[in-house]
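Notes follow the structure.
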Amino acid sequence: MEFSSKLLENAVYEMSQLPGIGKRTALRLVLHLLKQPNERTQHLAASLSKLREEVNFCRSCYNISDTEICEICSNPKRDKSVICVVEDIRDVMAIENTAQFQGLYHVLGGKISPIEGVGPQDLNIVPLVNRVKTGEVKELIFALSSTMEGDTTNFYIYKQLEGLDVATSTIARGISVGDELEYADEVTLGRSILNRVPFENSIKAS
């Protein structure tokens, strides 16, 4: 792709580094921004800069938050005895949209994947185990995608919890094998959480 402007080329390159954005889409977005009022572009740049500099991760669940403790963890109406274990914030948003879950979350920040060089030490697994050790948590719901990496991560965490007084369950397989939670419709995802099954049963099934 030939560019008549180095500034345009640099902007397109940076935009194309975003997930799912190719060079042609990046060019279309950059040209769109050029047509907008200058203030619009400045507001976008300022918003992204402020996000990067000031965003926090909840000290309890590792969800993205504006404060040390996110609004979900600090909500007195949430059931603190149940924690839903998810891969990232997109899964939290997907489950929240179902309005079927009233417990808390724990964001791992990924899944165990030796091929991609992601091991247990790269995820928020130790803090999760420490939350269980406080004795307040009575159930962990594994809500990772039903892939080999997701199942491996579930099993690893399950083994780390041996000897602790906590029940473990996994969302029902209303979600197709290999599907990511963020792409599931709200009704299916909501039912999968409500109809969750003991994690031991999922081990026997596999």
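May I ask you to verify whether Met1 is touching a Lys or Arg at 6+ places or on another chain (Cβ under 7 Å) and either in the same structural domain as Val137 (by TED's automatic domain parsing) or more than 30 Å from Leu140 (Cβ to Cβ) (or both)? Yes; evaluated as a whole, the condition is true for this residue.
Hey, does the stretch 42-58 have a residue that's in contact with a helix residue (DSSP H, G or I) (Cβ under 8 Å, 6 or more places away or on another chain), of a type outside the set (Phe, Trp, Tyr) and assigned to a helix (DSSP H, G or I)? Scanning the stretch 42-58, I find at least one residue that is in contact with a helix residue (DSSP H, G or I) (Cβ under 8 Å, 6 or more places away or on another chain), of a type outside the set (Phe, Trp, Tyr) and assigned to a helix (DSSP H, G or I), so the answer is yes.
Every listed requirement among (1) in contact with a Leu (Cβ under 8 Å, 6 or more places away or on another chain); (2) closer than 25 Å to Leu164 by Cα; (3) not in a helix (DSSP H, G or I) is met by Val129 save one, (3). Tell me yes or no: at least one residue of the stretch 89-111 is of a type in the set (Lys, Arg), in the same structural domain as Arg131 (by TED's automatic domain parsing) and in contact with an Asp or Glu (Cβ under 6 Å, 6 or more places away or on another chain). There is at least one residue in the stretch 89-111 that is of a type in the set (Lys, Arg), in the same structural domain as Arg131 (by TED's automatic domain parsing) and in contact with an Asp or Glu (Cβ under 6 Å, 6 or more places away or on another chain). Do the conditions hold for Ile83, that is, is it under 19 Å from the mean Cα position of the chain (by Cα), at pLDDT 95 or above and not in a loop (DSSP other than H, G, I, E, B)? It is true that Ile83 is under 19 Å from the mean Cα position of the chain (by Cα), at pLDDT 95 or above and not in a loop (DSSP other than H, G, I, E, B). Number of residues in the stretch 107-123 that are part of a strand (DSSP E or B) and either surrounded by fewer than 16 Cβ atoms within 10 Å (Cβ to Cβ) or on the phi > 0 side of the Ramachandran plot (or both): the value is 0. Consider Val92 carefully, then state whether it is out of contact with any Lys or Arg (no Cβ under 8 Å at 6 or more places or on another chain), farther than 17 Å from Thr147 by Cα and buried (at least 20 other Cβ atoms within 10 Å of the Cβ). Criteria met by Val92. Just one residue in the set Gly135, Gly103 is modelled with pLDDT of 95 or more, of a type in the set (Gly, Ala, Ser) and surrounded by fewer than 22 Cβ atoms within 10 Å (Cβ to Cβ); that residue is Gly103.
Selection of the stretch 90-106 for residues being closer than 18 Å to Ile69 by Cβ and assigned to a loop (DSSP other than H, G, I, E, B) yields only Gln102.
The values are calculated or read from the model by the stated rules, or taken from the named source; none is laboratory data. If you're wondering where the values come from, they're calculated on a predicted model, not measured in any experiment. A quick note on method: Cβ atoms are made from the backbone with ideal geometry, for glycine too, and the neighbour counts reach across all protein chains shown.
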